[in-house]
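The values are calculated or read from the model by the stated rules, or taken from the named source; none is laboratory data. Note that the structure is a prediction, hence the values are computed from the model and not measured. When we count neighbours, we look across all protein chains shown, and the Cβ atoms used for this are built from the backbone with ideal geometry, even at glycine. Side chains included, ligands, DNA and RNA excluded: accessible areas come from the protein's heavy atoms. Shrake-Rupley method; radii C 1.70, N 1.55, O 1.52, S 1.80 Å.
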Amino acid sequence: MTTILVTGGTGTLGRLVTERLRADGHDVRALSRHAQPYAVDLREGGTALDAAVAGADTIVHCATTPRGGDEEAAAHLIAAARRAGAGHLIYISIVGVDRVPLGYYETKLAVERLIEESGLGWTVLRTTQFHDLLLRLFDSLAKPPVMLLPAGVKDQPIEVAEVAARLAELAAGGPAGRVEDMGGPEVRTLDSLARSYLKATGHRRAIVNVPLWGQTYRAFRGGGHLTPLRAVGKGTFEEYLAVRVGGVRRA
């Protein structure tokens with residue numbers, strides 16, 4: 001039995017990773033800012049973090065926020081892992097962090113580099129966006145009577161449970177460096193994904209594709225966040241909606 005620490009262990013991905021690892025018989029510690037007994041703010045570090053890491057053979061680093069602080073959090077985690085003598089640090093990243101000039105992506109790339117240069121055994125997995133991210137995006141865009149989408153942009157959403165299963169598999173093995181990217185089963189236009197969302201939720205909205213500008217938009221339009229040659233996911237966005245929304249008309 002291996003002792004594994006999962007940061008962000010109560011989040012969308014971390015919770016599923018924790019459940020999968022426990023089902024596989026591992027001793028798992030779920031670290032988050034508020035959940036006891038491993039309530040730690042990684043951006044602050046400190047003795048609570050040292051206690052959480054102590055004795056852990058492997059760390060799966062899922063904690064992240066687009067609001068900032070990921071680099072500081074990673075630096076504290078790496079330092080604690082060194083002190084504890086942890087043998088394997090696994091990091092979940094995003095396809096395209098080296099191709100799309102978006103602030104959050106640039107931070108994820110910086111964390112990758114911190115981990116690669118940490119002196120620890122490490123593994124980095126990049127995946128495309130999770131289905132629930134698209135659902136939150138479309139929920140927001142569907143509030144006005146007209147749904148505005150960035151013209152010419154595609155996406156390749158993936159089922160988060162499949163990513164959790166892959167991370168659990170990697171945690172059971174040794175350090176592997178940068179492993180192959182993991183993408184959803186289909187590269188789709190945002191327009192087609194939005195129409196599936198509207199059908200599933202019962203919203204009636206006109207869709208207007210709006211050309212934008214800037215380097216970030218051009219990178220997304222050019223597919224920098226996609227990995228069509230690694231379309232290894234199985235669950236489609238429609239299957240996700242059928243479970244999450246159930247096709248029930250919502251207000």
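General remarks:
- Within segment 64-95, the set of residues being closer than 25 Å to PHE130 by Cα and among the small types (Gly, Ala, Ser) comprises GLY68, GLY69, ALA73, ALA74, SER93.
- Boolean, ARG67 is at pLDDT 95 or above and of a type in the set (Lys, Arg): no
- When ILE158, ILE207 are checked against the criterion of being more than 15 Å from the chain's Cα centre (by Cα) and either among the β-branched types (Val, Ile, Thr) or closer than 27 Å to GLY9 by Cβ (or both), a single residue qualifies: ILE207.
- Taking first residues from segment 26-40 that are touching a residue at least 60 places away in the same chain (Cβ under 8 Å) and partners that are of a type outside the set (S, T, N, Q), the Cβ contacts under 9 Å between residues at least 6 apart in sequence or on separate chains come to HIS26/MET1; HIS26/ILE4; HIS26/ALA168; HIS26/ALA171; HIS26/ALA172.
- Matching residues, segment 162-173, being open to solvent by 50 Å² or more (accessible area, probe 1.4 Å) and more than 20 Å from PRO228 (Cβ to Cβ): GLU169, ALA172
- Hits in segment 1-27 - residues which are in contact with a helix residue (DSSP H, G or I) (Cβ under 7 Å, 6 or more places away or on another chain) and closer than 19 Å to GLY85 by Cβ: ILE4, LEU5, VAL6, THR7
- Segment 1-49, subset farther than 22 Å from ILE158 by Cα, of a type in the set (S, T, N, Q) and in a loop (DSSP other than H, G, I, E, B), residue least open to solvent (accessible area, probe 1.4 Å): THR2
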